[in-house]
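First up is the structure itself, then whatever we jot down about it.
The values are calculated or read from the model by the stated rules, or taken from the named source; none is laboratory data. Quick caveat: nothing in here was measured; it's all calculated off a predicted structure. Virtual Cβ from ideal backbone geometry, glycine too; neighbours counted across all protein chains shown.
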Ligand SMILES: [Zn+2]
């Protein structure tokens with residue numbers, strides 16, 4: 001594959017990813033709406049302990065796309081505590 005072809009291929013792939021990202025955001029919004037309407041709990045998996053639990057088990061953080069920390073409250077607490085211990 002020439003560099004020019006590679007450039008085109010990567011650019012197309014990027015466009016496709018951007019479209020997917022947009023669809024994901026839309027689906028997440030729809031999911032949030034249904035969660036509120038049905039009164040069911042939104043589930044999320046902690047990337048540290050890998051346990052799936054209710055979204056309430058995660059601290060809120062606007063920095064992340066779904067508005068929640070990727071770590072559960074327990075893991076966040078443990079990480080904070082370990083952080084302090086390392087400093088002390
Ligand atoms: Zn966790």
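A few notes on this one:
- Being surrounded by 11 or more Cβ atoms within 10 Å (Cβ to Cβ) and either at positive phi or in contact with a strand residue (DSSP E or B) (Cβ under 6 Å, 6 or more places away or on another chain) (or both) is a property that holds for residue 61.
- Subset of segment 33-88 (residues that are away from the ligand (no atom under 16 Å from the Cβ) and in contact (Cβ under 8 Å) with a residue 24 or more places away in the chain): 65
- Flag for residue 37 being modelled with pLDDT under 95, over 17 Å from the mean Cα position of the chain (by Cα) and surrounded by fewer than 10 Cβ atoms within 10 Å (Cβ to Cβ): yes
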